[in-house]
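The values are calculated or read from the model by the stated rules, or taken from the named source; none is laboratory data. All values derive from a computational prediction rather than experimental measurement. Cβ placement follows ideal geometry from the backbone for every residue including glycine, while neighbour counts extend to all protein chains displayed.
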Amino acid sequence: MPHRPPPGPPRTASVAVAAVLAAALAAVPSGSAHAFTGDNHEGITRAALPWEPITLTAMADARDGAINANDHRPYFDVGPLHCDNADYLGPHYAPDYPRTRDEATTELLACIRTSVTRFRNAVRAADGLVGADGKVRADQSDLSSPCAWDGKPGRAKCTVLEQLGRGWHQIEDFYAHSNWSDRAAPGPIGLGNPPGLQRTGPAPFLEIRRYSAMKDAAWTQEAREHVPADLATGCYTDIDSTGVKPADCAGRVAHNRVLNKDTAASDRSKTGDNFGHATAGATAEITRQWNDFKAELLTAYPDHGRGAQMVCALVHDDPAAACPGPGPGPSPSPSP
């Protein structure tokens, strides 16, 4: 991959996502959960990231971790932040289904776009972790006080963790909210029992690092080509990428009681090991996303080993001691 110049200052969400968030502020709250529970997000994230304990808790905690920030209002009511509303049922199952394959894929791409935006933001924010001399900035990597996850400028480590957490949340949700890795219950396929794809590998349209370096039109076209014809995520009464909030999901493949595997007790979880497959897929995916983010930092910030120092600062609880930087002394330990 060719060398890229260091990115500029951090940006907030894209204009399209920001507009959806603004609409969410006025939305009527919906009562039912529509994501892996906070505990499940925590378990997945802890299993995926071999970080030191304080930093890992800041990312993964069931109530206060960055990975769960999208489940707080107003973000909870924004469909693309949970990969909702990419519902579809092919004509061989439902000839008059109210959404086309293209419309469903467009909604999935809106979800992926939020993760691409957050990835780019995190790479930019990482610049603040390490000085031009290659030394970790202790004041920017300190977690002795909690991070706010409020989208406001703050310590660089908090900003990076927030951007990653808000970008990874919907990626985890994809595996719980879609039929990518599950199988249908015995009986007829239809609105109440959509087909399961039973895929075991990572979704090829979640190449977030690759897409972050591409023009929007190019990566969306590429991603579309990888979406299976029968892929679906459930309809949920939150705001979709167009700003519409349906009153209900009548006549559509629903999230609630049909497709979601947010807990082991969810209806779709009760077929085979659907819940286990969703959890395993999400865990493997976050491991892939973290490895890709590390690789991007090494590529984007090669001078004075700054990229390696950034990785070191992100995984260690006391980066000033663990990541001494260039010059005499032990070499930094950028991994795990």
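Scanning region 54-94 for residues that are touching a helix residue (DSSP H, G or I) at 6+ places or on another chain (Cβ under 9 Å) and small (G, A, S) yields A58, A60, A62, G65, A66, A69, G79, A86, G90.
Here region 56-71 is the region considered, the condition is being over 18 Å from T283 (Cβ atoms), touching a residue at least 60 places away in the same chain (Cβ under 8 Å) and over 13 Å from the mean Cα position of the chain (by Cα), and the residue that is surrounded by the fewest Cβ atoms within 10 Å (Cβ to Cβ) is D64. If you check D84 against the conditions, is it under 17 Å from the mean Cα position of the chain (by Cα), over 15 Å from L164 (Cα atoms) and either of a type outside the set (S, T, Y) or assigned to a loop (DSSP other than H, G, I, E, B) (or both)? Spelling it out, D84 is indeed under 17 Å from the mean Cα position of the chain (by Cα), over 15 Å from L164 (Cα atoms) and either of a type outside the set (S, T, Y) or assigned to a loop (DSSP other than H, G, I, E, B) (or both). One residue is enough: does region 276-288 have a residue meeting the conditions touching a Ser or Thr at 6+ places or on another chain (Cβ under 7 Å), among the hydrophobic types (A, V, I, L, M, F, W, C), crowded, with 19+ Cβ neighbours inside 10 Å and modelled with pLDDT of 95 or more? Yes, region 276-288 contains at least one residue that is touching a Ser or Thr at 6+ places or on another chain (Cβ under 7 Å), among the hydrophobic types (A, V, I, L, M, F, W, C), crowded, with 19+ Cβ neighbours inside 10 Å and modelled with pLDDT of 95 or more. Which members of region 87-109 meet the condition of being surrounded by fewer than 24 Cβ atoms within 10 Å (Cβ to Cβ), part of a helix (DSSP H, G or I) and of a type outside the set (D, E, K, R)? Matches in region 87-109: A104, T105, T106, L109.
Residues in region 228-243: is at least one more than 21 Å from the chain's Cα centre (by Cα), in a loop (DSSP other than H, G, I, E, B) and more than 15 Å from A110 (Cα to Cα)? Taking every residue of region 228-243 in turn, at least one turns out to be more than 21 Å from the chain's Cα centre (by Cα), in a loop (DSSP other than H, G, I, E, B) and more than 15 Å from A110 (Cα to Cα). Note on region 122-170: among residues that are of a type in the set (A, V, I, L, M) and surrounded by fewer than 22 Cβ atoms within 10 Å (Cβ to Cβ), the one that is nearest to D262 (Cα to Cα) is A148. Any chance region 210-226 includes a residue that's within 15 Å of H82 (Cβ to Cβ) and either within 18 Å of the chain's Cα centre (by Cα) or surrounded by fewer than 15 Cβ atoms within 10 Å (Cβ to Cβ) (or both)? No, because not a single residue in region 210-226 is within 15 Å of H82 (Cβ to Cβ) and either within 18 Å of the chain's Cα centre (by Cα) or surrounded by fewer than 15 Cβ atoms within 10 Å (Cβ to Cβ) (or both). All conditions in (1) surrounded by fewer than 15 Cβ atoms within 10 Å (Cβ to Cβ); (2) modelled with pLDDT of 95 or more hold for P2, with the sole exception of (2). Note on region 190-227: residues that are outside any loop (DSSP other than H, G, I, E, B), under 17 Å from R113 (Cβ atoms) and not β-branched (V, I, T) amount to 14.
What about G187, is it within 17 Å of N260 (Cβ to Cβ), assigned to a loop (DSSP other than H, G, I, E, B) and modelled with pLDDT of 95 or more? Spelling it out, it is not the case that G187 is within 17 Å of N260 (Cβ to Cβ), assigned to a loop (DSSP other than H, G, I, E, B) and modelled with pLDDT of 95 or more. Taken over region 57-109, the criterion of being touching a Lys or Arg at 6+ places or on another chain (Cβ under 6 Å) and among the aliphatic types (A, V, I, L, M) is satisfied by A60, A69.
Scanning region 241-255 for residues that are at pLDDT 95 or above and not small (G, A, S) gives C249, R252, V253, H255. Residue count for region 255-279 under the criterion of being in contact (Cβ under 8 Å) with a residue 40 or more places away in the chain and either aliphatic (A, V, I, L, M) or not in a helix (DSSP H, G or I) (or both): the result is 9.
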